[in-house]
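*Asks:* There's a structure below that I have some questions on.
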Protein chains: 2
Amino acid sequence: MTSTTYTSAVFALETMDVPGGTETILRGGRHLFPLLPEAFAGVRRIGVIGWGPQGRAQARNLRDSLAGTDIRVSVGLRPGSASVADARTHGFTEEDGTLGDWLAVTADSDLVILLIADAALAAHHEEIFAALKPGATIGLSHGFLLGHLRATGGEFPPGHGVIAVCPKGMGDSVRRLYEQGAEINGAGINSSYAVHADPDGKATDRALGWSVALGSPYTFRTTLESEYRSDIVGERAILLGAVHGIVESLFTRYRLTGDDAVTAYERSCENVTGPIARTISQAGLRAVREELDPAGREIFDRLYSATYGPAREIVAEIYDEVADGTELRSVVLAERRLGAREMSGIGGSPMWAVGAEVRARRAERALPVDPFTAGVFVATMTAQVDEFAERGHPWSEIVNESVIEAVDSLLPYMHARDVAYMVDNCSRTARLGARRWGPRFQAAYEQIAYPASELPPNEALLTAFDTHPMHEALAAAAKLRPSVDISVA
Amino acid sequence: MTSTTYTSAVFALETMDVPGGTETILRGGRHLFPLLPEAFAGVRRIGVIGWGPQGRAQARNLRDSLAGTDIRVSVGLRPGSASVADARTHGFTEEDGTLGDWLAVTADSDLVILLIADAALAAHHEEIFAALKPGATIGLSHGFLLGHLRATGGEFPPGHGVIAVCPKGMGDSVRRLYEQGAEINGAGINSSYAVHADPDGKATDRALGWSVALGSPYTFRTTLESEYRSDIVGERAILLGAVHGIVESLFTRYRLTGDDAVTAYERSCENVTGPIARTISQAGLRAVREELDPAGREIFDRLYSATYGPAREIVAEIYDEVADGTELRSVVLAERRLGAREMSGIGGSPMWAVGAEVRARRAERALPVDPFTAGVFVATMTAQVDEFAERGHPWSEIVNESVIEAVDSLLPYMHARDVAYMVDNCSRTARLGARRWGPRFQAAYEQIAYPASELPPNEALLTAFDTHPMHEALAAAAKLRPSVDISVA
């Protein structure tokens, strides 16, 4: 079990009740921005390396939060990077020294935040390490590099602090909610933080300052190892891979049982990204079932019972392969095999053809939660929660990585486009993982869960769901941020 | 490229033309049985360890072929093995010394053929190695143990010959066709052989003798490494995993485009295991297309073109993971996670419910090759052939592991029951692999291949198929055995 207790010399911390104990957390907000110079003591320059979705969001949030201080945020890009123009558009320029070559920016920064793609990080981390100035702190936003160093026998360079602040949402959400935070103090994406190396004793406050500057409603503690596992498993399961498998299998199921394509789409993809995600975000997981009528609950119960077992089996398999390094090894092999070749897309299957039509008629109709779909989705989400709990993750990490990131960050974006689009446009590591595991969920549900859905519900499973400690953990996390729906452009 | 040339002091070898060169092969047959004592010079006792499908078949074939010689074949079983009664039924008894404890039989044998399950082999090979008598030869029928030793840093014990004879068909076929060979000399399952360690210089003739005694129509040379890769990849692809993915995706496709369940089953599963497999077995791969009418060929061409790319991509991914050890690692993790728990079955999906009805009306109707299904199946098979060729496998291995084992061994059994039954009842290593990869083929075909099947055919791909060297290699292999269809009880 990861320790979740810590102290800060700068910020006033709180204690949050979670199942079986408490976690120390930092509640964020713009009123804390005046404390940032103290949290960043010794840091005059922050270099954000990379301009992908996270780099683009974090560099801007950090700069805006640190406006008026003498801490400068610069963006470092690879020679020939196609992102130079966009970075300039957002006010990072060579002229004022806030845009430059990645190794030059690295050499000039006291905190170097590495947000380049996983494959680039795997290929170039040694050059970056070599360019660090003495005592500079290395910042990460997920644990991929740790996994890669373990797999290849590498190490973080000695004498440097290594910290991570990991927003539990995609980069676009990190920026969008931060902007909404200007009106509603505390709107944002929760983050975990980890201290992996702390040679000068200032790592925790630097990490907390970074998280506050990103706009995190609350920040909880984890380890890089725990973050790595939950992050990579989560995107292969309920955050991306499983969602794709779920909606593909449900669409086919509904078509085969007589629905036209539009109805089948509304009952599957549209239902998950719309009413189900919204209900969970606003009222929690139990509310999905409670808001159904008795006939709907009976369907929910049968599907929950039929789905939980196969879902748990696959999540456990993913977890084993991630923890073992096998999953990361497959990413390395895929990158090597594919080379510069594009991965084929998955957005061509028949269901996506009707997405536009469904989205076009949203204004005319309020879609209710579909009990069949809801049972499948909630069972899969709960299976991931249970697997993470069994493997000893902190409760904040469990509910953020299994529930909050899904319903408050990813699903709203999937609602604006569709699930396949998001799978085809996420990071390569996530995309490769979703393509490996999504079909496993799809096949298991079609071949095992749906045929079993005619059976009576499993009362023991349903009682476990009803009395599940995750509801308490979710409610505690929900109290820490204002009720705000992300507004997806 | 694996060397395929060798010499024998006992048997007269032949040279077979294959694309780009020749392979040395041994044509089998009962007329060679009198040479077996010479081939087994120095071997008085053969111990067959294990009574799974291969052990059950090989122990009986060896005993029957060696009847009248002074070479005794004994079966060794684990203490408490549930197979004792069945071994006795087939004439192996403690009383005459042909049935005993596995370590005792090992200690008493000059050639110890290890046919226990992969998981048992992984767990117990060290005990078995320790029990070997000095100079005894270790026999294997696939390369799993080599992969396992590599993954765990182990080694074969020095001073012992290590040979493999690997029938390119399941155990039941190895016995069934051997029995048919009593009437039609030369009926049987082809085998590859490998010499991994040869301290006394007699390894090749021992392996050839073993293969002849099993009834192999012809025996070709490979390496344990090459055998391991093609075996594990093949069962994950066209032999098992891909077949499952193909028929599930086609059944759904046909249902969604208006077929009733019986018709959809006949066009998918029944078509692959029946007319398509039969046509390939009797007349080769090109015949599947040539026997279609022009409208059918046009459909075949579009589906072949749409399927080949996604199929090749997945086969390449499987190959990478097998060669890297990642795939075997996942099997080890699964065995550890599942422990004694049963894997869930995949035979519950809607399509299998109509299988019995389809089989019952076989007598009334001669089902023609379905061009849509045929394009998908032949493209997948060719993709595997091409991947194996690119990775340097001998042509005999390529066509036996990709085509002949499918159409002459596995598909006839799948025709008698169904594909899901075979997946749920094969070895655990194969079963785990089919469950990992079958869904990948299913999803890729549903999401990428079938949507692309409206496009015009890819003429370059079709020309490559038409002029493919595999046709020549298959024809050469076909000449080496009598034309006999396996009779599945």
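*Asks:* Could you list all residues from the stretch B:152-210 that are of a type in the set (D, E, K, R) and either within 30 Å of B:Leu411 (Cβ to Cβ) or outside any loop (DSSP other than H, G, I, E, B) (or both)?
*Replies:* Within the stretch B:152-210, B:Lys168, B:Asp172, B:Arg175, B:Arg176, B:Glu179, B:Glu183, B:Asp205, B:Arg206 qualify.
*Asks:* OK, next. Need at least 2 residues that are of a type in the set (D, E, K, R) per element, so show me which strands (runs of 3 or more DSSP E) inside the stretch A:1-111 make the cut, counting only ones lying wholly within it. Give the steps one after another, and end with the answer.
*Replies:* Working: elements: A:14-18, A:21-27, A:45-49, A:72-77, A:99-101.
Of the strands (runs of 3 or more DSSP E) lying wholly inside the stretch A:1-111, those with at least 2 residues that are of a type in the set (D, E, K, R) span A:14-18, A:21-27.
*Asks:* Looking at the stretch B:325-348, can you tell me whether even one residue there is facing chain A (nearest Cβ under 10 Å), over 23 Å from A:Ala449 (Cα atoms) and among the hydroxyl-bearing types (Ser, Thr, Tyr)?
*Replies:* Yes, the conditions are met somewhere in the stretch B:325-348.
*Asks:* Another one. Check A:Leu121 against each of (1) touching a helix residue (DSSP H, G or I) at 6+ places or on another chain (Cβ under 8 Å); (2) at pLDDT 95 or above; (3) more than 14 Å from A:Pro157 (Cβ to Cβ) and name the one condition it does not meet.
*Replies:* The failed condition is (2).
*Asks:* State whether one or more residues within the stretch A:84-93 are under 24 Å from the mean Cα position of the chain (by Cα), small (Gly, Ala, Ser) and modelled with pLDDT of 95 or more.
*Replies:* yes
*Asks:* Scan the stretch A:272-290 and tell me whether some residue there is within 14 Å of chain B (Cβ to nearest Cβ) and either acidic (Asp, Glu) or surrounded by 23 or more Cβ atoms within 10 Å (Cβ to Cβ) (or both).
*Replies:* Taking every residue of the stretch A:272-290 in turn, none turns out to be within 14 Å of chain B (Cβ to nearest Cβ) and either acidic (Asp, Glu) or surrounded by 23 or more Cβ atoms within 10 Å (Cβ to Cβ) (or both).
*Asks:* Within the stretch A:237-259, does at least one residue satisfy the condition of being touching a helix residue (DSSP H, G or I) at 6+ places or on another chain (Cβ under 6 Å) and closer than 21 Å to A:Arg481 by Cβ?
*Replies:* Yes, because at least one residue in the stretch A:237-259 is touching a helix residue (DSSP H, G or I) at 6+ places or on another chain (Cβ under 6 Å) and closer than 21 Å to A:Arg481 by Cβ.
*Asks:* If A:Pro294 satisfies every condition in (1) over 26 Å from A:Gly347 (Cα atoms); (2) touching a helix residue (DSSP H, G or I) at 6+ places or on another chain (Cβ under 7 Å); (3) not polar (S, T, N, Q) but one, which is the exception?
*Replies:* (2)
*Asks:* Can you spot a residue in the stretch A:65-72 that is in contact with a His (Cβ under 9 Å, 6 or more places away or on another chain) and either over 30 Å from A:Gly153 (Cβ atoms) or of a type outside the set (Gly, Ala, Ser) (or both)?
*Replies:* To start, the set of residues in the stretch A:65-72 that are in contact with a His (Cβ under 9 Å, 6 or more places away or on another chain) comprises none.
No; the residues of the stretch A:65-72 include none that is in contact with a His (Cβ under 9 Å, 6 or more places away or on another chain) and either over 30 Å from A:Gly153 (Cβ atoms) or of a type outside the set (Gly, Ala, Ser) (or both).
*Asks:* While we're looking at this one, here's another question. Would you check if there is a residue in the stretch B:153-164 being β-branched (Val, Ile, Thr), closer than 17 Å to B:Leu32 by Cα and crowded, with 21+ Cβ neighbours inside 10 Å?
*Replies:* No, the stretch B:153-164 contains no residue that is β-branched (Val, Ile, Thr), closer than 17 Å to B:Leu32 by Cα and crowded, with 21+ Cβ neighbours inside 10 Å.
Conditions tested, residue by residue: (1) closer than 22 Å to B:Leu432 by Cβ; (2) within 14 Å of chain B (Cβ to nearest Cβ).
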{"site": "A:Arg391", "(1), (2)": "yes, yes"}
{"site": "A:Glu397", "(1), (2)": "no, no"}
{"site": "A:Leu411", "(1), (2)": "no, no"}
{"site": "A:Trp437", "(1), (2)": "yes, yes"}
{"site": "A:Gln447", "(1), (2)": "yes, yes"}
{"site": "A:Tyr450", "(1), (2)": "no, yes"}
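*Asks:* A further question follows. Output the residues belonging to the stretch B:311-356 that are closer than 16 Å to B:Asp118 by Cβ and touching a residue at least 60 places away in the same chain (Cβ under 8 Å).
*Replies:* Answer for the stretch B:311-356, where residues must be closer than 16 Å to B:Asp118 by Cβ and touching a residue at least 60 places away in the same chain (Cβ under 8 Å): B:Val322, B:Gly325, B:Glu327, B:Leu328, B:Arg329, B:Ser330, B:Val331, B:Val332, B:Ala334, B:Glu335, B:Met343.
*Asks:* With the structure loaded, tell me whether A:Ala261 is away from chain B (no Cβ under 14 Å), in contact (Cβ under 8 Å) with a residue 24 or more places away in the chain, surrounded by fewer than 24 Cβ atoms within 10 Å (Cβ to Cβ) and at negative phi or whether it fails that test. Spell out how you get there, then give the answer.
*Replies:* Working: away from chain B (no Cβ under 14 Å): no; in contact (Cβ under 8 Å) with a residue 24 or more places away in the chain: yes; surrounded by fewer than 24 Cβ atoms within 10 Å (Cβ to Cβ): yes; at negative phi: yes.
No.
*Asks:* Here is a further query. Since B:Arg312 meets every condition but one in (1) within 22 Å of B:Leu240 (Cα to Cα); (2) more than 10 Å from chain A (Cβ to nearest Cβ); (3) outside any helix (DSSP H, G or I), which condition does it not meet?
*Replies:* (3) is the only condition that B:Arg312 fails.
*Asks:* Identify, from the list A:Glu401, A:Glu387, A:Glu405, A:Glu397, the residue that is more than 24 Å from A:Pro53 (Cα to Cα) and either crowded, with 24+ Cβ neighbours inside 10 Å or in contact (Cβ under 8 Å) with a residue 60 or more places away in the chain (or both).
*Replies:* Exactly one of A:Glu401, A:Glu387, A:Glu405, A:Glu397 is more than 24 Å from A:Pro53 (Cα to Cα) and either crowded, with 24+ Cβ neighbours inside 10 Å or in contact (Cβ under 8 Å) with a residue 60 or more places away in the chain (or both), namely A:Glu387.
*Asks:* Any idea which of B:Gly135, B:Gly161 is at pLDDT 90 or above and at positive phi? Talk me through it step by step, then tell me what you get.
*Replies:* Numbers: B:Gly161 fails: at positive phi.
Answer to the check: B:Gly135.
*Asks:* Out of A:Ala57, A:Ala67, A:Ala85, A:Ala9, which single residue is exposed (fewer than 13 other Cβ atoms within 10 Å of the Cβ) and in contact (Cβ under 8 Å) with a residue 40 or more places away in the chain?
*Replies:* Just a single option satisfies the conditions, and that option is A:Ala9.
*Asks:* Are there any pairs, at least 6 apart or on different chains, whose C-beta atoms fall under 7 Å, with the first in the stretch A:290-303 and farther than 17 Å from A:Asn458 by Cα and the second modelled with pLDDT of 95 or more and of a type in the set (Val, Ile, Thr), and if so, which?
*Replies:* A:Glu291/A:Thr279; A:Glu291/A:Val369; A:Leu292/A:Val369
*Asks:* With respect to A:Ala452, determine if the residue is touching a residue at least 24 places away in the same chain (Cβ under 8 Å), surrounded by fewer than 23 Cβ atoms within 10 Å (Cβ to Cβ) and among the small types (Gly, Ala, Ser). Walk me through it before giving the result.
*Replies:* On the way: touching a residue at least 24 places away in the same chain (Cβ under 8 Å): yes; surrounded by fewer than 23 Cβ atoms within 10 Å (Cβ to Cβ): yes; among the small types (Gly, Ala, Ser): yes.
Criteria met by A:Ala452.
*Asks:* Quick test of your reading of the structure: B:Ala477 fulfils all but one of (1) in contact with a Cys (Cβ under 8 Å, 6 or more places away or on another chain); (2) modelled with pLDDT under 90; (3) among the aliphatic types (A, V, I, L, M). Name the failing condition by number.
*Replies:* (1)
*Asks:* Hey, can you tell me all the residues within the stretch A:329-351 that are surrounded by 13 or more Cβ atoms within 10 Å (Cβ to Cβ) and farther than 30 Å from A:Arg255 by Cα?
*Replies:* Of everything in the stretch A:329-351, those that are surrounded by 13 or more Cβ atoms within 10 Å (Cβ to Cβ) and farther than 30 Å from A:Arg255 by Cα turn out to be A:Arg329, A:Ser330, A:Val331, A:Val332, A:Leu333, A:Ala334, A:Glu335, A:Arg337, A:Leu338.
*Asks:* Do we have B:Asn425 as over 25 Å from A:Ser344 (Cα atoms), away from chain A (no Cβ under 14 Å) and free of Cβ contacts under 8 Å to residues at least 12 places away in the same chain here?
*Replies:* yes
*Asks:* Take A:Glu227 and tell me if it is touching a strand residue (DSSP E or B) at 6+ places or on another chain (Cβ under 9 Å) and crowded, with 21+ Cβ neighbours inside 10 Å.
*Replies:* yes
The values are calculated or read from the model by the stated rules, or taken from the named source; none is laboratory data. These numbers were taken from a predicted model, which means no experiment stands behind them. For neighbour counting, all protein chains shown are included, and Cβ atoms are generated from backbone atoms with ideal geometry for every residue, glycine included.
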